[in-house]
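Below you'll find the structure, written out as structure tokens, and then a few comments.
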Amino acid sequence: MLFTDYMFFGLLLVTFAFFYIPIFRKKQTLILILSSLFFYAYEAPWFTFLLLASASINILISYFVNSSSSLSIRKRISAVGVILNISLLVFFKYSQLLSSTFFDPNSSIGHFLLFIPLPIGISFFTFEGISLVVDVWRDTKRGHKSDLIDPSLKVHAQKTLFFISFFPHLIAGPILKAHEFYPQIKQKFFKDIEWSVAFKNLIVGYFLKSVIADNLKNFTFWLVYPYFEHLSTTDLLIMLFGYSIQIFADFAGYSLIAIGLAKLFGYKFPLNFNFPYISSSFKEFWKRWHISLSTFLMQYLYIPLGGNRKGKLRTYLNLMLTMFIGGLWHGAAWSYAVWGIFHGGMLVIERLISNNVKIRLPEAFAPVKIIFIFILITFSWLLFKLPEFNHVILYFKSIYGNQDLANNLLTNLYILLYSLPVVFYHILYLLKEKRIFQFLIKYEFIAYGILLFFIITNSGSSGSFIYFQF
Amino acid sequence: MVKKSLLVCLVIFFLYNVVVTFFWYPEIYMPEHQQQNNYITAQKYLYSNDRKIFEGIIVGSSLARRIDRDSLKKVNIYNMCFDGLSIYDGLNAIQIKGEYPKRVFIEINVVDKDADKEMTNMLNNPITNILRANIVAMRDGKQPMRFIAPPLEHRILGFEYALYDWRHKNRSKKKNDIVPAIGEDHLVSADTIKSEEARPVNKAFLDRNIERYHLNSEKVYTYVDQLFYYVSDLQQNGTEVVFFEMPLHPLLLDTERTKTIRNAFLEKFPCEKYLYLDFTDFSEYSTSDGLHLEPKSALKYTNYFLSQAWR
């Protein structure tokens, strides 16, 4: 079920109504759990059992880590919990990659692995399970019980199932942290709904997703082999630019919708995208793009590996390994790993430069740096769109070789026009300290009215969120 | 803030709907891309304001979409073929509307393709169907963006024409040959048509299609069986069904796929009981890629089709 389906709106209305009816106030968490399970089961009913199994593993593991008296037993149980989560993820998500890389597809095991289905959202809910288990272990390492774990297994089970399955973030994030979410689990009241905050997030989210991403996808559709071979250099570059905007609009839009939906039920989700395309470095980009993932990778992979505390060479290795894993998390193809390595490499190069080159560029160079970083990031998105590496090479060859082909002016105009709001969105952020921004804020209701008008009249055909495949 | 935003939206929406319904090219629906062009084709059929029933409807793929619509309009035949989609999308639209024409012409070339999920969702959504039937602004082809992009393209091309003229001091190429008229609801400008005539068949695409057509499609018989239910439904509602085959490149005539499709149809829908347009001589027509007729050939086939349609 997509957030843009009419069925979803029906489910949302019914859930919202039941959630705030006073007689059901004590069952609010249960209502949201049932609604979330229905949301997940709608497209793939059988995978709901997997979701429940994953939640059960994390419920029991975290509970027993907290209740065990021995440090070594707690450590072992935590390790088992992490391994089980990773095993689930590897089995369901990477079986096809493992099959094609290490096995003959005609062999029985190779053939078997090829047909393992990919459950939606598995990358997200297994990562949340890992974060819960590790957080509980870290809490108890200090010798006291974790405040995340309720003494009653039943209450803990309900809270954890809710944490993992809550529908706004279930299938494409943001990846929540138990420490931020569990304290919010309490009775909610209709009068406390922050309507303005919810409205703004929902409007901007749906605009980015339905108007920008869903329309751009119809033009960037041709960014696949063999169609791109017959497009001009200008078409190829503009289309790639459009894809860069599309992937941001799709994912950031989804995250904002998730934040807005959660707000309707009184829950606060963390910001997941903070205007990433104004980044003037890759380090900054990863503080603005998919913040919940980069935070997860930092806290549960980079820092445990040693972070930057074990010398320069080890720091660079840790960065490369973290980004390699981060890349592979995005998809079960080696092109995603290459994408991760590229970003890791850029982070390493930036560190090398900042450690060894003490020249400070004047502020006037900031736009140049932003554009340069944006160009590099945009080209790296090719690895997302073209999972086969030889197609990426062909794409670059076509950019070089198709200069004499005729441009498709109208298509390029549409791509640029649909991309303009995202550019404007980022520029507005850069102006937020200026007077003009303060002036414009007074009339923001006009802007939201216009956005809503475009959502109603200019939405593209509903397509899956790009990040669903992750 | 929320109420003020909703009010702004309501006002703009109302004004916009009035403008697109009554003032700004009300009969023109401008697609942004291929799939939207398909939606417009379906929605024009579903939500047509004049309640006439078509004499005939053609259902098919991008191959039969080449049959000239303007010529068909004169004899009240509606070309409901979709680029990249299948005959089932057109047949589903007929069932949903529930108004059956006298004849339905079914293209047999691409029988083994499922109905498109997005098109099916669009056709079957009761809420959007009611909204689109009554509010013109909600229909595809009436998006606000169409007020911006095509006029901008027109101005840029106009500027290019002026620049070209200034550079070459040559007035022999007329402005309208380069700059398409605003408001035309087709994607091909006059200049493009002329340049298509001059282009030889795209060999890479032709070779790929030849390779594909030499593979036998086992699914054809299954799809033809599925088609039987649609045909029966049409006949039960008083519609005559006519099958036709779009001409292809001659190299595709003796391929496994072409032969399998013809045999499957003749077995399930024998000539004695069902109507067919005579199979044409492929060598009389030229295609751009082995499958899709070039414009001149498309016009030639249209004339042939019309001569056979009410035979």
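We did not get these values from a lab; they are worked out from the coordinates using the rules stated. What you see is a predicted model; the values in this text were computed from it and never measured. Neighbour counts are summed over all protein chains in view; Cβ atoms, including those assigned to glycine, are modelled from backbone coordinates with ideal geometry.
A few comments on the model shown:
- Dipole in debye (nearest 20) - chain B, about Cα centre, beta carbon charges: Lys, Arg +1; Asp, Glu -1: 1160
- The convex hull built on the alpha-carbon positions of segment A:219-325 has an orientation-averaged projected area of 9.7 nm².
- Cα-based reach from A:Lys358 at 20 Å (exclusive), listing lysines while leaving out same-chain residues under 8 positions away: A:Lys283, A:Lys312, A:Lys369
- Mean separation of Cα pairs under 8 Å and 6 or more residues apart, divided by the residue count, gives segment B:1-94 a relative contact order of 24 percent.
- Segment A:90-146 and segment A:22-66: distance between their alpha carbon centers, rounded to Å: 19
- Assigned charges on the beta-carbon of Lys, Arg, Asp, Glu; segment A:246-318 dipole about Cα centre (debye): 420
- Cut-off 20 Å (backbone N to label point 7 Å along Cα→Cβ of A:Phe102), residues of segment A:322-338: A:322, A:324-338
- This model, with +1 at the C-beta of Lys and Arg and -1 at the C-beta of Asp and Glu, gives chain A a dipole about its Cα centre of some 1920 debye.
- Debye log10 I(q)/I(0) for chain B, one point scatterer per Cα, at q = 0.06, 0.11, 0.12, 0.15 Å⁻¹: -0.25, -0.78, -0.91, -1.28
- Projecting the Cα atoms of B:Cys81, B:Leu131, B:Ser307 onto the charge dipole of chain B, computed from C-beta unit charges around the Cα centre, puts B:Leu131 farthest toward the positive end.
- Kirkwood hydrodynamic radius of segment A:265-310, Cα pairs, Å: 11.8
- Residue ranges A:85-91, A:119-125 sort as A:119-125, A:85-91 when ordered by packing (mean number of other C-beta atoms within 10 Å per residue, highest first).
- The gain in end-to-end length when the B:Trp310 to B:Val75 segment is fully stretched comes to 83.6 nm, 0.36 nm per residue minus the alpha carbon separation.
- Among the residues of B:139-148, the average count of other protein chain beta-carbon atoms within 10 Å of the residue beta-carbon is 3.
- Projected onto planes of every orientation and averaged, the convex hull of the alpha-carbon atoms in the protein assembly as shown covers 40.2 nm².
- FRET efficiency for A:Arg309 and B:Asp281, using Cβ-Cβ distance with R0 set to 56 Å, rounded to 0.05: 0.10
- Inter-label distance, A:Arg142 to A:Lys283: 2.8 nm, where each label sits 7 Å from its Cα along the C-beta direction.
- Estimated at 0.36 nm per residue, the fully extended path between B:Ile148 and B:Lys113 surpasses their Cα-Cα distance by 9.0 nm.
- Rg to Rh, two decimals, where segment A:25-114 supplies the alpha carbon set and Rh follows Kirkwood: 1.13
- Using θ = phi - 60° and Karplus 6.51 cos²θ - 1.76 cosθ + 1.60, couplings along segment B:15-27 (whole Hz; Gly, Pro as x): 4, 4, 5, 5, 5, 6, 7, 10, 10, 9, 6, x, 8
- For segment A:384-470, Kirkwood radius (reciprocal of mean inverse C-alpha pair distance, Å): 17.2
- Here A:Met1 and B:Ile210 are evaluated by their C-beta separation; at R0 = 45 Å the FRET efficiency comes out at 0.60.
- Hypothetical label at A:Ile73: residues of segment A:40-62 whose amide nitrogen lies under 19 Å (7 Å Cα-Cβ projection): A:58-62
- Label zone at A:Phe396, where the point sits 7 Å out along the Cα-to-Cβ direction: segment A:222-244 residues whose backbone N lies under 12 Å: none
- Toward the positive end of the charge dipole of chain A, with +1 on the Cβ of Lys and Arg and -1 on the Cβ of Asp and Glu, the farthest Cα among A:Leu305, A:Leu430, A:Gly327 is that of A:Leu305.
- Chain A, relative contact order in percent, only Cα pairs under 8 angstrom and at least six apart counted: 19
- Ranked packing of A:351-363, B:265-277, B:294-306, most packed first, by mean Cβ within 10 Å: B:294-306, B:265-277, A:351-363
- Taking every DSSP beta bridge that has both ends in chain B, the antiparallel portion is near 5%.
- Protection proxy ranking, highest mean first, for peptides A:186-197, A:144-155, B:240-251: B:240-251, A:144-155, A:186-197, where packing is the per-residue count of other beta-carbon atoms within 10 Å, averaged.
- The residue among A:Leu98, A:Asn66, A:Ile23 whose Cα reaches farthest toward the positive pole of the charge dipole of segment A:1-108, with charges on the beta-carbon of Lys, Arg, Asp and Glu, is A:Asn66.
- In units of the compact-protein estimate 2.2 N^0.38 Å, segment A:46-90 shows a Cα radius of gyration of 1.23.
- Legend: residue pairs A:Lys141/A:Lys177; B:Lys44/B:Lys102; A:Lys287/A:Lys397; A:Lys154/A:Lys263; B:Lys102/B:Lys300, Cα-Cα distance threshold 21 Å; pairs beyond threshold, A:Lys287/A:Lys397; A:Lys154/A:Lys263; B:Lys102/B:Lys300.
- Distant-in-sequence amide H partners of A:Asn402 (H built 1.01 Å from N, under 5 Å): A:Thr233
- Partner lysines whose Cα lies under 20 Å from the Cα of B:Lys219, excluding those fewer than 8 positions away in the same chain, are identified as B:Lys113, B:Lys117, B:Lys259, B:Lys268.
- Extension gain (nm, one decimal) between A:Ile353 and A:Ile109, 0.36 nm per residue minus Cα-Cα: 83.1 nm
- Cα gyration tensor, segment A:309-368 - rounded (a/c under 1.5), prolate or oblate: oblate
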